[in-house]
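Read through the structure below, which is laid out as structure tokens, and then see the notes.
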Amino acid sequence: MKVYDKAKKYLDKIKKENAKINAILHVNENVLLEAKKLDEKKEKGRLYGYVFAVKSNINVKGMITNCASRVLENYTAPYDATVIEKIRKEDGLIIGMANMDEFALGSSGENSAFGVTNNPAAMGYVTGGTSSGSAAAVAAGFCDVALGSDTGGSCRNPASHCGVVGVKPSYGLVSRYGLIDSAMSFDQIGPIAKNVDDIALVLDVIKGKDERDTTTFESNKIDLKKPKELGKIKVGILKVKCVNPGVETFVEESLRYCKNISILDKLGWEFVPIEIKHIDLAVETYYPIQYSEFYSGTRRFDGRRYGKKIEDACGEEVLRRILGGAEITKAEFAGQYYEKALKVKELIKKEFEKAFENVDCIISPTCPGLPWKIGEGKKMKIEEVYAYDSLTIPANLAEICAISIPAGKLDKIPVGMQIMCGKGQESKMLSIAKMFESN
Ligand code: GLN
């Protein structure tokens, strides 16, 4: 199929269905023109035929990149982020900008200044966040792949709730140049798609060292290994506590009934229980760091350069983090919070490194509970909302890679299974994910 026809099909679907899903904030007006040019090209890139939606905190030249905030309401990006340059170079097509929680803060998609995103896989429920529109756009069939960003779970959490695949790459695998940061020491841009194959291809295109982001590193080609090449894999099943009873056993059960289980048996895959001792401190460790880094990043939104002064135009959660971040950084002369949190981050990172000496991957549910009904989030205590990231945040603290793949449905609502691997082990992680896919 020509990408022109595909883009047209997606555009029609967006026109018909986006009003009730609210996944896309802005459509690329030139998309059909761009598609036509791609169809006419003699030599086509690796992403020819792929149509992308992009989270609204990643700069796409000429598109409104507003972080779903009134603060940047009409901000049009003057340049392409590195990931966008790379996608365009390989002939990927961008159809539009996706909804999100304001400035990538939240866990449900309910913090967008432009309205909540409805979950296409379970209408009336939240999509999860903060890449709410990205996951919903894939689940609704508005695009092939969407880019999200993940600071504490924001690619994996909505992928899990919407029944699609989402990745947080290892810290430094993908350039953050052109991403409007939420917390720069955790943020990674990651793809969300319907299957592991598409994720592997896109990740291989967008990865790599970038002079404009000094935290990036070069890595080997990301590809999927055949089961035989993978050999014997030792899988650690993480001991976790879940909010919704049933979620943890559901994920374990789904492993047992995975359609490839007889192949895994033949290859000698082993399943062992595993514990990460200080994982219960992950949420308490993440937030002081996130608040402080977010707060300092927002000082440039003072109303002189970009749009409005942030404190004047932002929503409740953004304001909470600015006020909280200001307090934490004030107290920091005594090394009270940020410094202590960094120490625990290091401890958790070491515990994961140690765990990966013994197992190839660690598996858990992606989220400790099912998505809640739209509107319920506003009635929850902020601690309860923050606790929804308890299983995704550890990977950000440890700087490792993690993926969420669909594990099946509980009460007709998708449940995601998370697979974590060591830093830079994306190929292994994706190959393992492929073995469990559509189990
Ligand atoms: N829910 C977490 C937060 O609000 C993570 C968000 C994200 O990954 N961008 O900070």
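The values are calculated or read from the model by the stated rules, or taken from the named source; none is laboratory data. All figures in this text were calculated on a predicted structure; none of them were measured in a lab. Because the Cβ atoms are built from the backbone with ideal geometry, glycine has one as well, and the counts that use them run over all protein chains shown.
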Exercise for the section: With the condition kept exactly as written, say whether any residue in segment 185-193 is of a type in the set (F, W, Y), at pLDDT 95 or above and within 11 Å of the ligand (Cβ to nearest atom). Expected result: yes
Problem - Of all residues making up segment 78-112, the number that are free of Cβ contacts under 8 Å to residues at least 40 places away in the same chain and either under 28 Å from K9 (Cα atoms) or within 21 Å of the chain's Cα centre (by Cα) (or both) - result: 2
Practice task
Look through I276, I310 and report the one residue that is in contact with a strand residue (DSSP E or B) (Cβ under 9 Å, 6 or more places away or on another chain), buried (at least 18 other Cβ atoms within 10 Å of the Cβ), touching a residue at least 12 places away in the same chain (Cβ under 8 Å) and under 24 Å from L105 (Cβ atoms).
Solution key: I310
Exercise for the section: Scan E311, E339, E327 and give me the residue that is away from the ligand (no atom under 13 Å from the Cβ), under 23 Å from I382 (Cβ atoms) and at pLDDT below 95. Expected result: E327
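Return yes or no: is A159 at pLDDT 95 or above, within 16 Å of the ligand (Cβ to nearest atom), touching a helix residue (DSSP H, G or I) at 6+ places or on another chain (Cβ under 9 Å) and closer than 24 Å to K16 by Cα? So that I can check it myself, show each step before the final result.
On the way: at pLDDT 95 or above: yes; within 16 Å of the ligand (Cβ to nearest atom): yes; touching a helix residue (DSSP H, G or I) at 6+ places or on another chain (Cβ under 9 Å): yes; closer than 24 Å to K16 by Cα: yes.
Here the answer is yes, as A159 does meet what is asked.
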Handout entry: Set V60, V145: member being in contact with a helix residue (DSSP H, G or I) (Cβ under 6 Å, 6 or more places away or on another chain), without any contact (Cβ under 8 Å) to a residue 40 or more places away in the chain, away from the ligand (no atom under 16 Å from the Cβ) and not acidic (D, E)
Key = V60
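Listed here are the residues, each with its yes/no results for (1) under 17 Å from P169 (Cβ atoms); (2) of a type in the set (S, T, Y); (3) modelled with pLDDT of 95 or more; (4) touching a strand residue (DSSP E or B) at 6+ places or on another chain (Cβ under 7 Å).
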{"position": "E357", "(1), (2), (3), (4)": "no, no, yes, no"}
{"position": "D360", "(1), (2), (3), (4)": "no, no, yes, yes"}
{"position": "K378", "(1), (2), (3), (4)": "no, no, no, no"}
{"position": "L391", "(1), (2), (3), (4)": "no, no, yes, yes"}
{"position": "G408", "(1), (2), (3), (4)": "no, no, no, yes"}
{"position": "M435", "(1), (2), (3), (4)": "no, no, no, no"}
Problem - Considering residues of segment 162-184 that are within 8 Å of the chain's Cα centre (by Cα) and within 12 Å of the ligand (Cβ to nearest atom) only, the residue nearest to F301 (Cα to Cα) - result: K168
Handout entry: Failed item, numbered, when A139 is tested on (1) part of a helix (DSSP H, G or I); (2) away from the ligand (no atom under 12 Å from the Cβ); (3) touching a residue at least 60 places away in the same chain (Cβ under 8 Å)
Key = (3)
Handout entry: Top-ranked residue in segment 59-76 [being of a type in the set (A, V, I, L, M, F, W, C) and farther than 17 Å from I206 by Cβ; ranked as surrounded by the fewest Cβ atoms within 10 Å (Cβ to Cβ)]
Key = I64
Completion exercise
Heads up, the helices (runs of 4 or more DSSP H) in segment 311-413 (entirely inside) with at least 2 residues that are of a type in the set (G, A, S) are 316-331, 338-358, 393-398
Exercise for the section: Determine whether E275 is under 15 Å from V240 (Cβ atoms) and away from the ligand (no atom under 14 Å from the Cβ). Expected result: yes
